[in-house]
Amino acid sequence: MPNPLPERTQRLVVIVLIAALAAFGIYFSLGGFGGFGGDQAEESAGSPREPLTSEEEAEPPSNPGGLATVPPSPIPTTETEDLDVLNWFPFSEAEFQAAGATAQAFAEAYGTIDYSQEPETYYASMEALATDEYARVLSDATRVGAFWEEMSEAEAVAEGRAEIQEIRTFGSDSITFVVTAQSITETGEAEFDEDLGDFAVTVIRDSGSWAVFDFQPADAGQFGEE
């Protein structure tokens, strides 16, 4: 097929194409064609920052190592001579008194025995002051039942007395008192005072009142509900 263009024209066309390709390459390298370079610029810039709310604008920048920026608010303090110690306890004075009265009454009932009566009468006086759980085991031979056996064999008639010595420990709903107990005994013509020793008496809140949860010699290591 004969060539429609002369040789000189063909050379001119080639030169124009080469120049166009060169210009295209330079334009592209300088960020032309926004569909490419524009996307990369947007990605590097990241998403636009959202405006701060009024609360965020009001918050001062954190400065852990700096001084406080608000006035201090010192707590009120009390002089030593004005301290109300009872406010430090979980019980009021009246609650301590009621709990102590229960512990003392139980120890007195423990020392009060009349061998001529049924043992159930002796236990009933203490069961009325005890929790339901402790009342069920109170007459066991390892508990107050042992004292009844001893005194009934001696045909003793005794009046119990008790005095609280101290509070050993307390919790949110329990108090353990150390109580000294006596049993003023008359046996035949002999009359004497019998010191029963110190007892740890734990009382707990029970239906709005206080009830004995445990009763045992103070040196047995009884420290409350444990």
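Just a yes or no: is a residue in the range 118-131 exposed (fewer than 10 other Cβ atoms within 10 Å of the Cβ) and assigned to a helix (DSSP H, G or I)? Among the residues of the range 118-131, at least one is exposed (fewer than 10 other Cβ atoms within 10 Å of the Cβ) and assigned to a helix (DSSP H, G or I), which makes the answer yes. Scanning the range 194-209 for residues that are within 14 Å of VAL179 (Cβ to Cβ) and not hydroxyl-bearing (Ser, Thr, Tyr) yields ASP195, LEU196, GLY197, ASP198, PHE199, ALA200, VAL201, VAL203. Can you tell me which residue in the range 200-213 is farthest from ALA162 (Cα to Cα), limited to those that are crowded, with 23+ Cβ neighbours inside 10 Å and more than 24 Å from the chain's Cα centre (by Cα)? Filtering first and then ranking leaves VAL212.
What residue, among those in the range 150-184 that are of a type in the set (Asp, Glu) and touching a helix residue (DSSP H, G or I) at 6+ places or on another chain (Cβ under 9 Å), is surrounded by the most Cβ atoms within 10 Å (Cβ to Cβ)? Of everything passing the filter in the range 150-184, GLU159 is surrounded by the most Cβ atoms within 10 Å (Cβ to Cβ). Scanning the range 200-226 for residues that are among the acidic types (Asp, Glu) and outside any loop (DSSP other than H, G, I, E, B), we see that the one that is modelled with the highest pLDDT is ASP214.
Here ALA135 does not qualify as modelled with pLDDT of 95 or more, under 38 Å from the mean Cα position of the chain (by Cα) and under 19 Å from GLN182 (Cα atoms).
The values are calculated or read from the model by the stated rules, or taken from the named source; none is laboratory data. Note that the structure is predicted; figures quoted are calculated from it, not measured. Glycine gets a Cβ as well: all are built from the backbone with ideal geometry, and neighbour counts include every protein chain shown.
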